[in-house]
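Participant: Provided herewith is a single structure, encoded as structure tokens, for subsequent inquiry.
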Amino acid sequence: MSDLTFLAISGSLRRSSHNTGLLRAVQNLAPHGVTIDLYEGLGRLPFFNEDLEDGPEPAAVADLCRRVREADGILIATPEYNSAIPGVLMNALDWLSRPTGMHALCHKPVAVLGASPSQFGTARGQLVLRQILHRIQAPVVAHPEVTVFQSHRRFDADGAFNGDPVTEGLLRDLLAELAVLAELHSPAHAL
Ligand SMILES: Cc1cc2nc3c(=O)[nH]c(=O)nc-3n(C[C@H](O)[C@H](O)[C@H](O)COP(=O)(O)O)c2cc1C
């Protein structure tokens with residue numbers, strides 16, 4: 001397996017976010033040869049507005065799109081808001097879906113995961129996210145589905161993961177599957 005770089009995007013701006021904590025845990029579980037960078041610019045993105053597409057690309061948008069293009073795969077940890085995904089994450093996905101056909105997420109392998117204090121662990125939000133990613137032609141890891149339920153039992157008040165071994169096993173499996181998908185979609189594989 002060649003060396004791979006993944007970009008991890010949390011859909012939460014909250015300081016002690018369980019979803020950001022989940023991605024920090026994933027960083028610590030990266031197998032040999034895999035580097036995982038955490039994207040922390042979600043809150044700096046302007047609201048998507050088609051009028052902005054007529055002018056110079058906003059710097060925060062250019063940075064996000066460049067980092068997504070350069071990555072071999074993307075991890076998106078989403079909170080569940082009102083049985084869907086947070087607006088800040090949807091805003092980023094809207095930017096990443098433009099211009100259609102040449103957008104940064106086009107054919108970019110993605111793994112989704114999420115944490116919620118509820119019994120469902122973002123299952124409904126992840127379904128919404130998968131549907132959006134399907135629409136914008138990003139191949140998504142099908143299995144495992146990492147729905148971290150009762151997250152308040154697995155993260156402390158600062159959002160640090162407690163090392164629950166079942167969750168860790170799922171995260172390792174998810175990373176392995178994303179690596180397989182990333183290899184399949186790598187330019188070298190296409191030759
Ligand atoms: C506007 C809003 C809507 C929410 N809706 C849901 C929901 O539909 N399902 C759910 O499980 N949790 C819901 N929650 C609770 C979040 O899952 C919880 O705040 C979670 O910790 C957010 O993720 P974070 O810790 O990464 O910020 C909602 C929270 C907010 C602020």
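Participant: I'd like the residue in region 111-136 that is more than 13 Å from the ligand (Cβ to nearest atom), buried (at least 17 other Cβ atoms within 10 Å of the Cβ) and over 18 Å from L170 (Cβ atoms) and, out of all such residues, is nearest to the chain's Cα centre (by Cα).
Facilitator: L133
Participant: Which ones in region 1-29 are of a type in the set (A, V, I, L, M) and crowded, with 18+ Cβ neighbours inside 10 Å?
Facilitator: Of everything in region 1-29, those that are of a type in the set (A, V, I, L, M) and crowded, with 18+ Cβ neighbours inside 10 Å turn out to be L4, L7, A8, I9, L22, L23, A25, V26.
Participant: Quick check: is even one residue across region 46-56 over 15 Å from G11 (Cβ atoms) and either in contact (Cβ under 8 Å) with a residue 60 or more places away in the chain or within 16 Å of the ligand (Cβ to nearest atom) (or both)?
Facilitator: no
Participant: While we're looking at this one, here's another question. Cβ-Cβ under 8 Å, sequence separation 6+ or interchain: first residue in region 157-178 and outside any helix (DSSP H, G or I), partner open to solvent by less than 40 Å² (accessible area, probe 1.4 Å) and of a type in the set (S, T, N, Q). Which pairs?
Facilitator: From region 157-178, the pairs are A157/S16; D158/S16; G159/S16; G159/S17; G159/T20; F161/T167.
Participant: What's the number of the condition T147 fails, among (1) open to solvent by less than 90 Å² (accessible area, probe 1.4 Å); (2) hydroxyl-bearing (S, T, Y); (3) out of contact with any Ser or Thr (no Cβ under 9 Å at 6 or more places or on another chain)?
Facilitator: The number of the failed condition is (3).
Participant: Out of curiosity, is F155 at pLDDT 95 or above, touching a helix residue (DSSP H, G or I) at 6+ places or on another chain (Cβ under 6 Å) and of a type in the set (A, V, I, L, M, F, W, C)?
Facilitator: Considered against the rule, which asks whether it is at pLDDT 95 or above, touching a helix residue (DSSP H, G or I) at 6+ places or on another chain (Cβ under 6 Å) and of a type in the set (A, V, I, L, M, F, W, C), F155 comes out as yes.
Participant: For N82, indicate whether it is modelled with pLDDT of 95 or more and at positive phi.
Facilitator: When the stated conditions are applied, N82 passes them.
Participant: If you don't mind, another one. Those residues that are in contact with a strand residue (DSSP E or B) (Cβ under 6 Å, 6 or more places away or on another chain) and either open to solvent by 30 Å² or more (accessible area, probe 1.4 Å) or more than 16 Å from A115 (Cβ to Cβ) (or both), I need them from region 162-178; list them, please.
Facilitator: Selection gives L170, L178.
Participant: Now for a different question. Collect the residues in region 179-191 that are in contact (Cβ under 8 Å) with a residue 12 or more places away in the chain, open to solvent by 50 Å² or more (accessible area, probe 1.4 Å) and either outside any helix (DSSP H, G or I) or within 19 Å of S118 (Cα to Cα) (or both), keeping them in residue-number order.
Facilitator: If the condition is that a residue be in contact (Cβ under 8 Å) with a residue 12 or more places away in the chain, open to solvent by 50 Å² or more (accessible area, probe 1.4 Å) and either outside any helix (DSSP H, G or I) or within 19 Å of S118 (Cα to Cα) (or both), then H185 is the only one that fits.
Participant: Next question. With respect to P139, is the statement that it is more than 16 Å from the ligand (Cβ to nearest atom) and within 14 Å of the chain's Cα centre (by Cα) true? Outline the logic, then answer.
Facilitator: On the way: more than 16 Å from the ligand (Cβ to nearest atom): yes; within 14 Å of the chain's Cα centre (by Cα): yes.
Against the criterion (more than 16 Å from the ligand (Cβ to nearest atom) and within 14 Å of the chain's Cα centre (by Cα)), P139 qualifies.
The values are calculated or read from the model by the stated rules, or taken from the named source; none is laboratory data. Please read all numbers here as calculations on a predicted model, not as lab measurements. Ideal geometry is used to build each Cβ from the backbone, glycine not excepted, and the neighbour counts take in all protein chains shown. All accessible areas refer to the heavy atoms of the entire protein, side chains included, with ligands and DNA or RNA removed. Shrake-Rupley method; radii C 1.70, N 1.55, O 1.52, S 1.80 Å.
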